[in-house]
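A.B. asks: Can you keep this structure in mind? I'll have questions shortly.
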Amino acid sequence: ATPTSIMVGTGRAAELGVLFRKGDALQRLESSKVVAFDKTGTLTEGKPALARSEAAPGWDVAEVLRLAASAEQGSEHPIARALEQAAEGLVQPEVVEAIAGHGLRATVEGRRLLVGAKRLMVREGVAMAGLEAAHDEIAAAGQTPVVVAIDGQVAGVFAVADRVKPGARAAVAALHAQDIRVAMITGDTQATARAIAAELGIDHVEAEVLPEGKLAAVKVLRERFGAVAFVGDGINDAPALAEAEVGIAIGTGTDVAIESADVVLVSGDVAGVVEAFHVSRAVLRNIR
Ligand code: ADP
Ligand code: MG
């Protein structure tokens with residue numbers, strides 16, 4: 001690529017809010033075979049809200065929510081904000097221990113709480129009892145199930161729902177139209193991830209990926225399909241952004257993600273990924 005054609009191309013992209021931080025990212029993007037998106041905050045708004053609440057027999061649902069939201073007060077996970085906003089009468093938890101990719105363990109008013117994904121309950125040997133059906137319905141609807149156990153018994157399950165970004169489905173279709181595979185990598189439950197992927201027309205899903213596993217997921221995609229462009233917003237996306245042939249950060253995301261990226265989508269609109277491909281192809285075509 002000549003310096004002039006790269007400047008013209010990246011200049012045009014910048015006007016559309018697509019910032020190329022490194023000139024050679026144009027070539028690497030042009031030869032990318034698959035675009036892998038993080039889910040929360042990248043394909044979805046990242047601002048989930050409480051959508052459904054179910055208590056196990058003998059439990060008051062508002063009380064279960066109050067204890068769970070109290071346990072979550074120090075957490076940075078978006079699920080924590082959704083529970084806090086919906087709950088009343090929060091108290092300070094006595095002990096909190098985050099369990100990466102699973103949820104957390106806490107003591108609130110002397111009660112032992114577990115709050116998180118079903119796999120946290122499996123790991124801790126807590127049976128889902130009568131809440132299995134509600135859990136599966138929530139996940140099948142593309143919402144995230146948050147399970148709460150109190151003193152070793154499952155006490156409730158809550159649905160936390162996040163909206164898909166307006167341009168996400170169209171962006172996936174536009175990438176497919178250019179023969180680029182589209183994948184999603186998420187820590188969320190399989191069924192939830194598959195429901196969102198189906199809604200967006202995404203063909204390949206890596207779900208229940210632990211925070212340190214996103215980088216490995218990029219390597220798996222590379223082996224199967226070829227060069228990978230990874231799009232993400234979070235602190236836990238930084239290693240995958242650095243590993244991918246092209247790291248694309250959501251401009252409204254965390255600083256760590258932006259610093260790890262080759263391309264930044266200023267507005268956070270995923271249509272910028274399509275624009276970035278257009279520019280890379282246009283520039284490289286002029287050169288050949
Ligand atoms: P993601 O960013 O994709 O949600 P994480 O690794 O942060 O990935 O979490 C994976 C899953 O673990 C979440 O989808 C959620 O089900 C559960 N989880 C993690 N942290 C919390 C938390 N603080 N409260 C409740 N659930 C949590
Ligand atoms: Mg994210």
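A.B. asks: Within the stretch 30-63, how many residues are of a type in the set (A, V, I, L, M) and more than 19 Å from ALA217 (Cβ to Cβ)?
C.D. replies: 7
A.B. asks: Further question on the same structure: What residue, of LEU221, LEU200, is in contact with a Lys or Arg (Cβ under 7 Å, 6 or more places away or on another chain) and away from ligand 1 (no atom under 15 Å from the Cβ)?
C.D. replies: Exactly one of LEU221, LEU200 is in contact with a Lys or Arg (Cβ under 7 Å, 6 or more places away or on another chain) and away from ligand 1 (no atom under 15 Å from the Cβ), namely LEU200.
A.B. asks: Does THR144 qualify as being within 16 Å of ligand 2 (Cβ to nearest atom) and among the polar types (S, T, N, Q)?
C.D. replies: For THR144, the condition - within 16 Å of ligand 2 (Cβ to nearest atom) and among the polar types (S, T, N, Q) - is met.
A.B. asks: Only one of (1) touching a helix residue (DSSP H, G or I) at 6+ places or on another chain (Cβ under 7 Å); (2) in the same structural domain as VAL96 (by TED's automatic domain parsing) is not met by ARG66, so which one is it?
C.D. replies: (1) is the only condition that ARG66 fails.
A.B. asks: Still on this model: Yes or no: the stretch 48-55 includes at least one residue that is polar (S, T, N, Q), modelled with pLDDT of 95 or more, away from ligand 2 (no atom under 16 Å from the Cβ) and not assigned by TED's automatic domain parsing to the domain that holds VAL274.
C.D. replies: Looking for residues that are polar (S, T, N, Q), modelled with pLDDT of 95 or more, away from ligand 2 (no atom under 16 Å from the Cβ) and not assigned by TED's automatic domain parsing to the domain that holds VAL274, one finds at least one in the stretch 48-55, hence yes.
A.B. asks: So, ARG119, is that one within 13 Å of ligand 1 (Cβ to nearest atom), more than 22 Å from GLY213 (Cα to Cα), within 18 Å of the chain's Cα centre (by Cα) and not aromatic (Phe, Trp, Tyr) or not?
C.D. replies: Against the criterion (within 13 Å of ligand 1 (Cβ to nearest atom), more than 22 Å from GLY213 (Cα to Cα), within 18 Å of the chain's Cα centre (by Cα) and not aromatic (Phe, Trp, Tyr)), ARG119 does not qualify.
A.B. asks: Still on this structure, please answer the following. Which count do you get for residues in the stretch 225-246 that are more than 15 Å from ligand 2 (Cβ to nearest atom) and without any contact (Cβ under 8 Å) to a residue 40 or more places away in the chain?
C.D. replies: Residues that pass the stated criteria total 2.
A.B. asks: Now a separate question. State whether one or more residues within the stretch 231-239 are polar (S, T, N, Q), buried (at least 24 other Cβ atoms within 10 Å of the Cβ) and in contact with a helix residue (DSSP H, G or I) (Cβ under 6 Å, 6 or more places away or on another chain).
C.D. replies: no
A.B. asks: Can you list the strands (runs of 3 or more DSSP E) found entirely within the stretch 1-112 that contain at least 1 residues being touching a Ser or Thr at 6+ places or on another chain (Cβ under 9 Å) and either farther than 24 Å from ILE202 by Cα or in contact (Cβ under 8 Å) with a residue 24 or more places away in the chain (or both)?
C.D. replies: Filter on the stretch 1-112 gives 18-20, 34-38, 95-99, 103-108.
A.B. asks: Any idea how many residues of the stretch 171-196 are of a type in the set (Val, Ile, Thr) and part of a helix (DSSP H, G or I)?
C.D. replies: Qualifying residue count, the stretch 171-196: 3.
A.B. asks: What number of residues within the stretch 128-159 are touching a His at 6+ places or on another chain (Cβ under 8 Å) and in contact (Cβ under 8 Å) with a residue 60 or more places away in the chain?
C.D. replies: Counting residues in the stretch 128-159 that are touching a His at 6+ places or on another chain (Cβ under 8 Å) and in contact (Cβ under 8 Å) with a residue 60 or more places away in the chain gives 1.
A.B. asks: Among the residues of the stretch 46-77, count how many are among the acidic types (Asp, Glu) and within 14 Å of ligand 1 (Cβ to nearest atom).
C.D. replies: Counting residues in the stretch 46-77 that are among the acidic types (Asp, Glu) and within 14 Å of ligand 1 (Cβ to nearest atom) gives 2.
A.B. asks: Give me the residue from the stretch 259-288 that is of a type in the set (Asp, Glu) and out of contact with any Lys or Arg (no Cβ under 6 Å at 6 or more places or on another chain) and, out of that set, surrounded by the most Cβ atoms within 10 Å (Cβ to Cβ).
C.D. replies: ASP269
A.B. asks: Tell me the residue from VAL96, VAL154 that is within 16 Å of ligand 1 (Cβ to nearest atom) and surrounded by fewer than 22 Cβ atoms within 10 Å (Cβ to Cβ), please.
C.D. replies: VAL96
A.B. asks: Name the single residue, out of those in the stretch 5-42 being of a type in the set (Ser, Thr, Tyr) and at pLDDT 85 or above, that is surrounded by the fewest Cβ atoms within 10 Å (Cβ to Cβ).
C.D. replies: The qualifying residue surrounded by the fewest Cβ atoms within 10 Å (Cβ to Cβ) is SER31.
A.B. asks: I'm trying to understand the selection: among the residues of the stretch 33-83, which are at positive phi and more than 12 Å from the chain's Cα centre (by Cα)?
C.D. replies: Within the stretch 33-83, just GLY58 meets the criteria.
The values are calculated or read from the model by the stated rules, or taken from the named source; none is laboratory data. Only a predicted model underlies this, so the values are computations on that prediction, with no experimental measurement involved. Note that we place each Cβ from the backbone using ideal geometry, even for glycine, and neighbour counts take in every protein chain shown.
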